[in-house]
Amino acid sequence: MTGPQPPQRTSPADPEVSTTPEPPAATAAPLKQTERPHPLTPFVRGWLVFVAIAIGWGRELITGASENQFEGRGLTWILPVLGIVVVLAAVTGFVAWYFTRFVIDDEELRVETGAIFKKSTKIPFERLQSVDIIQPLAARMFGLAELRLDAGNSTTKLRYLSRAKASRLRDYLLARAHGQQASIRDLDQQSAASVFTDLGESDQRLVQVTPQRLIVSFLLSTEWLIPAAISIIIVVVTASLGVVPLALGGLIPLVIGMLSLIWRRVIGMFNFTLAESPRGLRITRGLTNLTSQSVPINRVQGVKTSQPLLWRLLGWYRVDIDILGYAHGDGEGNESTASSVLLPVADPDEVELALGRVLPGFDLDSIELSPSPNRARWLRWFDFWTLRYGWNDRTLITEQGWFTHEREIVPHAKTQSVRVQQGPLQRLLRLADVHIHTPRGPVNAVAHQLDEHAARELALSQLDRARVARVAERERRSVAAVPNDDREGEARLLTAFGTGRDQLLGSGGESEVFAIDHDRVLRLYRSRHEAPQGTSAQLRTLYDSWRGIDIGIELPLIIDGGERDGCIYTVDRRFSGRSFSSWLQHADVAQRRPALVSFLDATEQLQRLPSPVPGFARLIGEGAPQQFGTLSELLATMLEGPLQTSRTRLEHDVPGIVAVWNRLHGDLAERSITPALVHGDVCPPNAYISQGPLGPVVTGIGDFSPHTINADPLLDLAGALIFLELEPYADADADAGWLEAVAVERHGREIARWIDVYRRYYGFYFSNAYAFDPILYAWCLRQLSR
């Protein structure tokens with residue numbers, strides 16, 4: 001193998017080589033054509049300054065009038081001052097416009113400002129976190145919009161561009177920020193976004209809040225009812241005493257605050273729409289001013305759902321999110337700034353849909369919440385029964401509040417620090433609070449009034465979970481086993497399908513699965529996996545042969561696939577249910593046992609699937625389909641690969657492993673059956689459960705792979721029983737034993753022997769897991785030592 005050769009070094013004494021360097025040819029770098037914002041920008045900015053001053057002075061005048069401090073002759077000096085201010089604002093706006101120039105092309109993003117002190121801001125495309133479009137009423141009337149560029153620690157604003165141009169630049173910049181090598185010229189012909197919602201043809205509406213629901217929810221909210229009640233009480237009391245003028249000094253500011261609340265919560269959130277675009281989530285809102293905000297999923301640090309008391313009658317919730325770098329924004333929903341509101345009001349289905357987008361792959365329903373001890377009632381007598389907390393391997397949840405019930409959700413990887421706090425009364429009652437710190441925002445996760453020992457354990461264990469989660473997240477992002485060139489290709493592929501690493505649903509040894517939309521997922525094969533292109537093609541052929549076949553459960557289907565940017569991928573149909581594995585972890589026995597029976601039923605249905613080849617055969621993998629004369633020959637071939645890796649380790653860890661091997665082959669030689677299709681890895685993580693008419697039921701089995709063969713159908717039955725022991729919940733072993741008893745009752749005592757035989761087969765088959773999964777390897781040792 002030869003690589004690039006080093007350049008030949010020459011001696012100065014060589015007469016044929018000149019030692020005097022030739023001057024480089026003078027090439028002047030071409031000057032890029034910069035552009036200014038829209039010519040109407042000075043007028044719009046001047047008008048906004050005038051409106052702001054008028055509102056501010058108007059408020060002061062009204063307040064002064066309430067205190068008998070305003071006289072009509074004050075207008076004789078106020079109006080000229082207003083005129084001077086407007087003229088100065090217009091001049092200032094013109095100067096700012098004239099000296100603002102920008103360049104946005106395929107090579108750079110640069111904004112230059114300043115008349116006296118020049119400032120040039122160059123933002124690398126990959127540093128862009130979000131790109132928002134803001135349309136104040138004055139700008140909207142002239143078809144203009146502000147482009148707001150958030151690059152983490154800084155925000156750059158371009159005021160103002162035509163609405164169509166701002167929309168095109170926004171889409172281009174978001175594409176470049178996601179790693180796609182797009183060209184700005186490619187967007188010249190794209191269709192214009194809607195004038196009212198700023199959504200394009202490729203944007204999919206997820207949730208749209210109707211005006212009726214928005215207004216009713218506002219009128220029933222505590223933030224409106226409390227000041228409204230106070231105002232009414234003030235008016236009634238002062239009217240009955242005949243001293244209404246004396247109350248105007250406090251009443252008018254309160255009314256102004258209520259009007260401001262209406263402006264933010266109703267006018268600012270009017271026509272609120274949460275949509276999914278090819279570049280992530282997008283929020284559009286506003287009646288007079290239209291704001292179109294991009295939500296960077298990878299910067300969401302936590303989620304908060306809240307439900308005021310009166311909303312419970314209607315089943316409504318509000319959802320807020322912590323977004324890294326948005327602490328400077330208006331979490332209260334100011335219509336001209338970035339907001340932390342994900343949904344101002346929504347029903348449970350809409351909340352679940354939104355949470356599934358900002359926390360993809362997180363199973364929040366599986367988290368069992370623990371209450372605070374009963375002695376907490378001495379400090380929180382008004383809502384002690386609402387104090388709960390819990391966690392799973394990815395998320396921590398806290399709950400509190402009766403008048404307004406709040407739930408805070410924090411992914412472990414986003415935990416910045418943990419604090420245990422104990423006041424003097426808490427010390428007497430042996431209670432403490434645990435604060436889970438995230439960046440400043442609406443989410444404030446606190447596990448209130450825990451037993452002091454439980455608080456200490458929660459704090460220390462949360463730090464461990466956060467550390468493990470950050471390591472896992474770094475591994476997912478870096479994909480260390482993938483060369484740099486492949487990582488770039490993978491990023492481009494994910495962007496092309498409108499997804500990203502924040503949409504990862506699951507991963508295995510062969511592939512990773514990313515959500516695309518409600519109906520599709522993207523399966524990205526690992527480059528180190530053996531012959532991924534052949535595997536995906538074989539699976540597609542197998543799945544296509546099952547079209548039109550109904551065995552009572554959902555089956556996988558490959559919609560599209562191929563190779564792009566050096567990555568092998570398929571677009572698969574998305575299963576309708578949720579992971580059976582995550583559901584099992586917190587289901588009670590009354591629901592779990594019937595669901596396990598349906599899991600057994602689904603497993604038995606698989607043998608009804610037709611196979612493309614007759615006899616004993618390996619269906620997926622290099623050289624497949626490959627036929628064999630006997631079951632023993634087929635399974636021995638399946639074990640060759642794993643044992644090449646694990647043979648030495650097994651000889652050390654399992655005394656008499658050779659005898660175990662010989663016994664397995666002797667048993668398999670006795671087995672005489674008609675071969676049927678075998679999944680080869682039927683386990684709860686590969687099954688999906690849905691809510692049926694009579695309760696939860698397993699409705700789908702996916703993830704066929706190189707384990708799939710034509711063999712003894714009892715292989716899948718045994719796998720469904722014994723792999724259940726690997727599930728991480730307390731009663732998994734008991735459930736596996738119970739389910740085996742159900743299987744024996746169905747099929748007779750004879751199958752108990754073959755379940756034991758296939759325990760040894762699977763123990764050998766997955767024994768190479770010692771290199772990457774010690775829990776699975778320990779399970780294999782138990783099967784081989786029985």
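The values are calculated or read from the model by the stated rules, or taken from the named source; none is laboratory data. Predicted model only: the values in this text are computed from it and were never measured. In this analysis, Cβ positions are derived from the backbone assuming ideal geometry, glycine residues included, and neighbour counts consider all displayed protein chains. Ligands, DNA and RNA are stripped out before the accessible areas are found, and what is left, the full protein with its side chains, is counted by its heavy atoms. Shrake-Rupley method; radii C 1.70, N 1.55, O 1.52, S 1.80 Å.
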Out of everything in the range 216-227 that is part of a helix (DSSP H, G or I) and of a type outside the set (S, T, N, Q), what residue ends up being surrounded by the fewest Cβ atoms within 10 Å (Cβ to Cβ)?
ILE226
Any residue at all in the range 122-132 that's in contact with an Asp or Glu (Cβ under 8 Å, 6 or more places away or on another chain) and surrounded by fewer than 16 Cβ atoms within 10 Å (Cβ to Cβ)?
yes
Could you list, in sequence order, all residues of the range 132-146 that are farther than 16 Å from PRO42 by Cα and in contact with a helix residue (DSSP H, G or I) (Cβ under 7 Å, 6 or more places away or on another chain)?
ILE133
Among the residues of the range 233-255, which ones are over 17 Å from PHE218 (Cβ atoms), assigned to a helix (DSSP H, G or I) and β-branched (Val, Ile, Thr)?
ILE233, ILE234, VAL235, VAL236, VAL237, THR238, VAL244, ILE252
Could you please tell me which pairs satisfy a Cβ distance under 6 Å, a separation of 6+ or placement on different chains, a first residue in the range 437-452 that is free of Cβ contacts under 8 Å to residues at least 40 places away in the same chain, and a second residue that is basic (Lys, Arg)?
GLU452/ARG430
Does PHE704 satisfy the criteria of being open to solvent by less than 20 Å² (accessible area, probe 1.4 Å), closer than 20 Å to ALA769 by Cα and part of a helix (DSSP H, G or I)?
no
Only one of these conditions is not met by GLN533: (1) open to solvent by 50 Å² or more (accessible area, probe 1.4 Å); (2) at pLDDT 85 or above. Which number is it?
(2)
Elements of type strands (runs of 3 or more DSSP E) in the range 561-677, at least 1 residues being open to solvent by less than 30 Å² (accessible area, probe 1.4 Å):
567-573, 616-618
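Filter the range 565-611 down to the residues that are aromatic (Phe, Trp, Tyr) and touching a helix residue (DSSP H, G or I) at 6+ places or on another chain (Cβ under 7 Å) and list them by number.
Result: TYR569, PHE580, TRP583, PHE599.
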State whether one or more residues within the range 119-138 are at positive phi, modelled with pLDDT of 75 or more and under 43 Å from the mean Cα position of the chain (by Cα).
no
Do you know which of the residues in the range 678-694 that are in a strand (DSSP E or B) and among the small types (Gly, Ala, Ser) is farthest from GLN585 (Cα to Cα)?
GLY692
Being farther than 15 Å from ARG36 by Cβ and in a loop (DSSP other than H, G, I, E, B) is the requirement here; does ILE116 meet it?
yes
Please identify the pairs in which a residue from the range 600-629 that is touching a residue at least 40 places away in the same chain (Cβ under 8 Å) and not assigned by TED's automatic domain parsing to the domain that holds ARG540 has its Cβ atom under 9 Å from the Cβ atom of a residue that is β-branched (Val, Ile, Thr) and open to solvent by 40 Å² or more (accessible area, probe 1.4 Å), counting only partners at least 6 apart or on another chain.
ASP601/VAL697; ALA602/VAL697; ARG608/ILE549; LEU609/ILE549; PRO610/ILE549; PRO612/THR541; PHE616/THR630
Assess whether SER277 counts as being surrounded by 13 or more Cβ atoms within 10 Å (Cβ to Cβ) and at pLDDT below 90.
yes
Just give me the residues in the range 83-107 being surrounded by fewer than 15 Cβ atoms within 10 Å (Cβ to Cβ) and in contact (Cβ under 8 Å) with a residue 24 or more places away in the chain, in sequence order.
TYR98, ASP105, ASP106
Residue, nearest to LEU425 (Cα to Cα), within the range 345-369, restricted to residues that are open to solvent by 50 Å² or more (accessible area, probe 1.4 Å) and either assigned to a helix (DSSP H, G or I) or at pLDDT 95 or above (or both):
ASP365
